[in-house]
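Bear in mind these aren't lab numbers, they're just calculated from the coordinates by the rules spelled out. Keep in mind the model is a prediction, meaning the values are calculated, not measured. Here the Cβ positions follow ideal geometry from the backbone for every residue, glycine too, while neighbour counts run over all protein chains shown.
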Amino acid sequence: SLEQIGISVEGMTCGSCVARVERAVKALPGVRDVSVNLASERATVSYDPGKTDLSDIDNAIAAAGYSAASEE
Ligand code: 9UX
């Protein structure tokens, strides 16, 4: 089953940053939907916890060059 989580993302300053974060998270297995908001500095992610861990999502955002802190 899918779970929806909010993630605080720091370091995004333009629309291309948003696209980079979305692309990085969408590439993970089990991720169904990603929505990133530049103004609120938040990502909302729907994913299958059986396929991807929350820490994998944080790590993917960090590897893309931004700072992520998921809020469960
Ligand atoms: Mo925009 Mo973001 O020129 O890493 S892509 S600042």
Subset of the range 35-57 (residues that are under 15 Å from Ala69 (Cα atoms) and β-branched (Val, Ile, Thr)): Val36, Thr44, Val45, Ile57
Looking only at the range 1-18, and only at residues there that are touching a residue at least 40 places away in the same chain (Cβ under 8 Å) and hydroxyl-bearing (Ser, Thr, Tyr), the one that is farthest from Ala69 (Cα to Cα): Ser1
Where a residue in the range 19-48 is at positive phi and its partner, wherever it lies, is surrounded by 16 or more Cβ atoms within 10 Å (Cβ to Cβ), with Cβ under 8 Å and at least six apart: Gly30/Tyr47; Gly30/Thr52; Glu41/Val9; Glu41/Met12
Meets criteria (in contact with a Pro (Cβ under 6 Å, 6 or more places away or on another chain) and more than 13 Å from the ligand (Cβ to nearest atom)) for Glu71: no
